[in-house]
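Each value in this text was obtained by applying a stated rule to the coordinates, not by laboratory testing. Bear in mind that the values here come from a model prediction, so they are computed numbers and not experimental data. Neighbour counts run over all protein chains shown; Cβ positions are idealised from the backbone, glycine included.
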Amino acid sequence: QLIAAQLPLAIKSAELTAVYQPIISTHGNQLHGAELLCRWPHPVFGMISPDEFIPLAEELGLIGQLGQLMLEQGCAQLAQWQLAAPDLVLSINLSPLQFRDPELCSQIFACIERHGLAPWQLELEITEGVLMENADEIESNLANLIEAGFHLAIDDFGTGYCSLAYLPRLQVATLKLDRSFTQELVTNQATTAIVRSVIGLGHELGIRITAEGVETVEQQAWLVQAGCDRLQGFLFSRPLPPEEFARSYQLLV
Ligand code: G
Ligand code: G
Ligand code: MN
Ligand code: NA
């Protein structure tokens, strides 16, 4: 496959770039942060989706390098934006495979130090798949990241075959409710009940809830009245190139 052959150079030459989707706080209706999402603007095939090249990078053993590239771009960007918005939080997706690397935590820490950032400014998004593997490197990476002060978010919450047993043991800052739930809100009673319960569960444990995939004002209104802490989705904005993000949210100083 052609793109498989081109991926190593695309990563090395930083042809892959980051776009940013806003995350809005319902407490004051203001910008809380941004989720960094990777893009590959390919000269021939056009924009290639991460759904295609992330699995490929994982297969080819390139996900560590890709993750490092995105981390570097994201931290450089946040260092600039924090001048205008000191409380802005950057969410970064980590692949389960990155947790196999015993250097993961020290690499992330070195990166924030290089850019003069504090650990709480990064929210690291992991999927429940990470928590289901029982590997020592994974456990110690998770423990080290929390110990260092990074915030952990469980991405696509509610879609995995995972028990909730990890919640009392692992200090999770945020649950990101998968967009399949958001999409059935208001119209499906069972989904509505589940979302209400997840918000209650999270809050009892001191965890914030972000709803993903918010596309309508009805969903927004429902989530706000249910006490959901943060909203993300096309209703607010698609993922934006950094210049557009900065313009939209007045982050230029
Ligand atoms: O941006 P989009 O919604 O098309 O992303 C599709 C999937 O790719 C999502 O599951 C998202 O978490 C994942 N993804 C996007 N950017 C990154 C990245 O930088 N690293 C990893 N590991 N996954 C990413
Ligand atoms: O798995 P993860 O949550 O990281 O996936 C993020 C992906 O979700 C991004 O690729 C982004 O483009 C997509 N996304 C973000 N907001 C919306 C939305 O409101 N509707 C839909 N359908 N997708 C969204
Ligand atoms: Mn995510
Ligand atoms: Na998600």
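Summary of computed values
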item	result
Boolean, residue 133 is within 22 Å of residue 56 (Cα to Cα), within 16 Å of ligand 2 (Cβ to nearest atom) and among the acidic types (Asp, Glu)	no
Cβ-Cβ under 7 Å pairs, at least 6 apart or on other chains, the range 42-55 side under 12 Å from residue 6 (Cα atoms), far side among the β-branched types (Val, Ile, Thr) and in a strand (DSSP E or B)	42/48
Pairs, first at positive phi in the range 151-173, second acidic (Asp, Glu), C-beta under 7 Å, six or more apart	156/178; 158/178
Some residue of the range 61-75 being over 16 Å from residue 240 (Cα atoms) and without any contact (Cβ under 8 Å) to a residue 24 or more places away in the chain	yes
Residue pairs meeting the criteria (Cβ under 9 Å; at least 6 apart or on separate chains; first more than 12 Å from residue 223 (Cα to Cα), in the range 191-208; second of a type in the set (A, V, I, L, M) and in a helix (DSSP H, G or I))	207/201
Residue satisfying all of: in the range 5-55; of a type in the set (Ser, Thr, Tyr) and closer than 17 Å to residue 87 by Cβ; nearest to ligand 3 (Cβ to nearest atom) among these	20
Single residue of the range 230-247 satisfying the filter (in a loop (DSSP other than H, G, I, E, B) and more than 16 Å from ligand 3 (Cβ to nearest atom)) that is nearest to residue 30 (Cα to Cα)	235
Residue within the range 38-48 that is over 21 Å from residue 130 (Cβ atoms) and touching a Phe, Trp or Tyr at 6+ places or on another chain (Cβ under 6 Å) present	yes
